[in-house]
Protein chains: 2
Amino acid sequence: MDTVIPTEKELQQTQREIAPYIHRTPIWTSKTLNRISGASLFFKCENFQRMGAFKMRGAAHAILQLSEEQRERGVVTHSSGNFGQAVALAANELGVPAYVVMPKNAPQVKKEAVKGYGASVTECEATLEAREAAAARIQKETGATSLHPSNSLPVILGNATAAMELLEDQPGVTVLCAPVGGGGLLAGTALAGHYFGNSCTTFGAEPEEADDAYRSFHSGAIQVNTTTATLADGLRTHLGDQNFPIIQRHVSDIICVSEAEIIFAMKLIWERMKIVVEPSSAVALAAVLKEKQRFRDTEIGIVLSGGNVTLSELPFS
Amino acid sequence: MDTVIPTEKELQQTQREIAPYIHRTPIWTSKTLNRISGASLFFKCENFQRMGAFKMRGAAHAILQLSEEQRERGVVTHSSGNFGQAVALAANELGVPAYVVMPKNAPQVKKEAVKGYGASVTECEATLEAREAAAARIQKETGATSLHPSNSLPVILGNATAAMELLEDQPGVTVLCAPVGGGGLLAGTALAGHYFGNSCTTFGAEPEEADDAYRSFHSGAIQVNTTTATLADGLRTHLGDQNFPIIQRHVSDIICVSEAEIIFAMKLIWERMKIVVEPSSAVALAAVLKEKQRFRDTEIGIVLSGGNVTLSELPFS
């Protein structure tokens with residue numbers, strides 16, 4: 001398959017297209033975290049994005065690319081997390097029917113959120129096979145277009161707009177750091193850094209317990225996770241063939257962090273910045289703290305991916 | 001004792017004096033919380049204040065009132081919570097020695113924070129008597145000035161500046177709501193509403209499990225708590241003779257809420273606004289939600305008092 005790398009113009013057009021459907025989230029700093037890291041950190045607060053995560057950007061953009069006929073038939077996705085909520089909300093805004101397949105064991109609060117945005121929820125067993133089968137069945141019955149949460153160029157383009165905004169607001173940033181799970185956020189961030197940064201390099205941050213991107217990046221071919229036993233539930237997914245070529249070309253390195261490092265970083269953000277972020281967001285700060293020497297005295301943009309957590313299941317002890 | 005009510009001019013002067021030492025915190029809104037409450041809520045985010053709580057305002061102002069000689073001898077307070085941190089930080093900024101008496105069982109993270117701000121920490125038994133005795137001893141030995149966290153006009157004046165800023169930014173606000181523990185924040189908020197609001201009324205919010213202000217307000221004489229079994233650890237203290245006359249004159253009513261209502265409101269703020277607030281802050285939202293009919297369609301300013309929580313001891317289940 002040919003490598004398709006989106007162009008600067010496509011990124012700019014994406015930003016214009018999705019602007020009415022998203023929040024331009026703030027960028028926050030913390031003197032304490034600057035002191036601890038020895039760098040100047042600029043946090044792009046996608047936890048304050050609509051539905052609580054950057055996923056709104058990619059979902060809105062993907063639905064906007066559909067034809068009138070496709071919009072009428074609707075969109076379908078399977079998700080236990082943020083992408084389902086993003087598709088539900090974006091579809092609702094655009095008057096498009098949305099079908100979201102969710103595993104039975106997904107938190108009730110997430111099911112309610114998706115229903116609250118007006119989507120039709122189908123529950124299934126908690127396996128990838130069951131999820132894919134249910135989505136395929138709905139697709140066949142309704143003619144809805146299937147949306148993938150990360151391995152899709154429209155989604156990658158939408159995700160890129162978070163780092164584009166960051167670089168517009170903080171043009172002195174020379175390092176970007178984003179968590180990597182499915183790879184859609186990291187690929188978008190790297191494209192933004194490449195086209196709109198000032199000699200800007202992009203780093204991925206990944207849990208050691210779901211290190212497929214790290215191994216793929218260093219081996220040059222997509223690897224699968226051998227474990228997904230990480231607290232960072234948003235990062236348990238696999239790289240895809242749409243985002244991997246972008247990551248190969250435009251990411252400088254991927255830094256893996258332990259579960260303890262993730263919890264430490266998450267606690268720092270909650271305690272010092274007084275904001276709620278999900279474990280996946282803390283992975284990016286954990287990576288920057290792990291490689292302090294590498295980043296000393298640089299201006300670093302960190303994408304805080306989202307803030308949807310189950311408050312009764314926090315990792316703090 | 002004569003009732004002393006601070007003047008409009010004193011509030012304005014306080015605001016000018018403490019400005020260099022505090023953050024002007026943002027005011028946040030939430031469409032979801034507006035929908036749930038049936039009102040327009042404006043949250044004054046003192047959780048983003050320096051050291052994480054509004055207490056910085058009163059502490060800075062109280063220390064600024066001291067003579068050169070008093071400053072040299074330092075300040076002393078006893079606190080298990082935010083006021084100790086506020087005194088430590090404000091004193092540090094002003095080059096004044098600070099002595100903070102803390103109960104042995106105070107969380108380690110709070111002791112570290114006070115020490116981190118350069119204060120001298122003395123540990124004592126976890127009783128009010130032991131705390132007062134230790135503070136008195138230090139006062140005698142060092143000549144330091146004792147600072148009370150709430151029953152003090154300089155502290156009340158400092159606290160008033162949070163609501164002053166809120167009313168400057170949102171002049172349409174006609175109801176202010178602040179939690180009441182010792183009474184210093186509520187008295188200051190009521191003064192701000194009186195002098196700078198547009199026909200603005202002020203309400204106190206108090207846990208049923210520490211309802212001395214409610215009973216004092218309705219009986220006309222200071223009552224003591226019969227229980228302090230509330231999660232809202234910042235509100236377990238007693239009203240004082242400096243703030244009670246101000247509350248009597250300028251507060252419209254005090255609304256009591258249950259522990260379940262506090263947890264519900266706290267969860268709403270964390271989940272929907274993605275910010276970390278302490279239980280005491282949630283008490284004010286809980287009161288507004290409890291009396292929805294009373295506040296329907298009004299613009300309400302809610303003082304979120306702070307965000308210092310022990311993450312390993314959250315009430316969410």
Item to check | Residue selected from segment B:267-278 under the condition of a type outside the set (Val, Ile, Thr) and more than 20 Å from B:Thr227 (Cβ to Cβ), by the criterion farthest from the other protein chains (Cβ to nearest Cβ) | outcome: B:Leu268
Next on the checklist: Among the numbered criteria (1) outside any helix (DSSP H, G or I); (2) touching a helix residue (DSSP H, G or I) at 6+ places or on another chain (Cβ under 7 Å), which one does B:His194 miss?
Outcome noted: (1)
Checklist entry - If only one of A:Ser281, A:Ser312 is of a type in the set (Gly, Ala, Ser), within 14 Å of another protein chain (Cβ to nearest Cβ) and farther than 24 Å from B:Gln49 by Cα, which one is it? => result A:Ser312
Next on the checklist: Looking only at helices (runs of 4 or more DSSP H) that lie completely in segment B:213-317, which have at least 1 residues being touching a Phe, Trp or Tyr at 6+ places or on another chain (Cβ under 7 Å)?
Outcome noted: B:244-250, B:259-268, B:279-290
Item to check | helices (runs of 4 or more DSSP H) (entirely within segment A:1-103) containing at least 1 residues that are crowded, with 21+ Cβ neighbours inside 10 Å, within 14 Å of another protein chain (Cβ to nearest Cβ) and among the charged types (D, E, K, R) | outcome: none
Checklist entry - Taking the stated definitions as given, is B:Ser120 in the same structural domain as B:Ala135 (by TED's automatic domain parsing) and closer than 20 Å to B:Gly234 by Cβ? => result no
Item to check | Complete set of residues in segment B:130-178 that are farther than 22 Å from B:Ala119 by Cα and among the acidic types (Asp, Glu) | outcome: B:Glu165, B:Glu168, B:Asp169
Item to check | The listed residue being over 27 Å from A:Pro26 (Cα atoms), of a type in the set (A, V, I, L, M) and away from chain B (no Cβ under 14 Å), out of A:Val288, A:Val257, A:Val224 | outcome: A:Val224
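Yes or no, residue by residue, for (1) at pLDDT 95 or above; (2) aromatic (Phe, Trp, Tyr); (3) over 30 Å from A:Asn105 (Cα atoms):
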residue	(1), (2), (3)
A:Gly184	yes, no, no
A:Gly193	yes, no, yes
A:Gly197	yes, no, yes
A:Pro207	yes, no, no
A:His218	yes, no, yes
A:Thr228	no, no, no
A:Leu231	no, no, no
A:Thr237	no, no, no
Item to check | Residue satisfying condition, being closer than 22 Å to A:Leu64 by Cα, in a helix (DSSP H, G or I), among the charged types (D, E, K, R) and touching a helix residue (DSSP H, G or I) at 6+ places or on another chain (Cβ under 9 Å), within set A:Lys115, A:Lys140, A:Lys110 | outcome: A:Lys115
Checklist entry - Taking into account only those residues within segment B:262-288 that are surrounded by fewer than 20 Cβ atoms within 10 Å (Cβ to Cβ) and touching a residue at least 12 places away in the same chain (Cβ under 8 Å), which is farthest from B:Tyr214 (Cα to Cα)? => result B:Arg272
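The values are calculated or read from the model by the stated rules, or taken from the named source; none is laboratory data. If you're wondering where the values come from, they're calculated on a predicted model, not measured in any experiment. Every residue, glycine as well, gets a Cβ built from its backbone with ideal geometry; the counts of neighbours run over all protein chains shown.
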